[in-house]
Structures are given as structure tokens and as C-alpha cells.
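The values are calculated or read from the model by the stated rules, or taken from the named source; none is laboratory data. Everything numeric here is computed off the predicted structure, so don't read it as measured data. Virtual Cβ from ideal backbone geometry, glycine too; neighbours counted across all protein chains shown. Only protein heavy atoms, including side chains, enter the accessible area calculation; ligands, DNA and RNA are left aside. Shrake-Rupley method; radii C 1.70, N 1.55, O 1.52, S 1.80 Å.
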Amino acid sequence: MAERSELTRSSPTASITSLESLLSPPAPIEPTQKFLRFRVDQARSMLIAVEEVASVQTIAMFDVLPVPQMSPCVLGLSNWRGEALWLVDLAQQLGLSAITPPPQRLHTLTAIVVQLGTKSLGLIVPEIYEIEEQNLATLLPPSPDLFSSQISSFLKGYFRHDRSVVLDAAAVIRDPALHLHA
């Protein structure tokens, strides 16, 4: 019985320690943001801020209208919410090798629809993975040592801990190559 009373009695040191932890200021909350991870080519994945994503669509190839004399990265137009949506092979736009197989071997496309004001653009990617949260305090600007100047202009930065690259949707939409005829 003496043992039981010893176990239920709390030690004064534990009470003081727990009281101090309650009175101490809370730990700062790290600023985080949600990102959609997607594959851009055979070896790389990228992130895009969820706020920049208007929609994720699967588009049938027969719903894509080719547009002649455009940049090679422009695949064509599709209907999205009653309006014309330009579709772009993102890998090719970024200067990576195009991953879109010839249209006769492809039945559907996966598009990440991004918006900037009233402009929308469908970024064609081979695969979408998941939404993840990242600490914004660890986002580093694109380094010329790590990225070519062509791809750097389309990036917000990267996370050093896992080398995740963050795409800048506004820079992709504003790309002059999309606004000039070939």
C-alpha cells in the first residue's frame, strides 16, 4: 500500500517544470505552403503552389485542336469551362526533352490548368503525384550553378533538403515563346 501512495504522489520538480512549459512563449510557427507534385520528364518532378492551380484535367486527344505555326511546345487548344484552353508540353517549354509521345499513341493528356488573371494555360505533364506541404522559410532562389538560365526564368526556387524545384506559373504563362508565331 505504501508503494501505491508513492506512485500517485507527484514530485514537486515535475510540477514546476510542467508549469514553466505552460508559461513559456509558444514556439514560432513555421510558414508552410501546399504544393502539387508532378512529374515533368523521365527523371524529374517539380512542385507548383496549390493556389496557382485552377484545375487538374484529363483531356482526350480527340478533344485537342492543333494550331498551326505555333511554338513546338504548344500542342493545341481544348475546351475548358466553355472557353479555349491552350495546351503546352511543359517539359518542352522548359527546354527539357519533350515527353509527349506521338498523338497516334496517346489517348489522353493530363493537364494542370493554371490561371493568371483572366489567362489560363494547360500544362501537359506525364503524371501527377500528390499534394505536400513545404516550409517556405527554406525556399532558396534558383542558382545559376544548379539550373540553366532557360529553366531558371520559370522557377520560384528550390528546397535544399530534397532538391524539390518550384515552378512559377505566372512566368510560364508570360513566356514570350507562347505569344509568338513560329
(request) State all residues of region 36-59 that are open to solvent by 70 Å² or more (accessible area, probe 1.4 Å), more than 12 Å from residue 125 (Cα to Cα) and within 14 Å of the chain's Cα centre (by Cα); if no residue qualifies, say none. (result) 51
(message) Looking at region 60-80 only, could you name the residues that are out of contact with any Ser or Thr (no Cβ under 8 Å at 6 or more places or on another chain) and open to solvent by 50 Å² or more (accessible area, probe 1.4 Å)?
(response) 62, 66, 68, 69, 72, 79
(request) Scan region 142-164 and give yes if some residue there is among the basic types (Lys, Arg), within 14 Å of the chain's Cα centre (by Cα) and outside any strand (DSSP E or B), otherwise no. (result) yes
(message) Just to be sure I understand the filter: pairs with C-beta atoms under 8 Å, separated by 6 or more residues or on different chains, first member in region 67-83 and within 18 Å of residue 112 (Cβ to Cβ), second member of a type in the set (S, T, N, Q) and at pLDDT below 90. Which pairs pass?
(response) 75/100
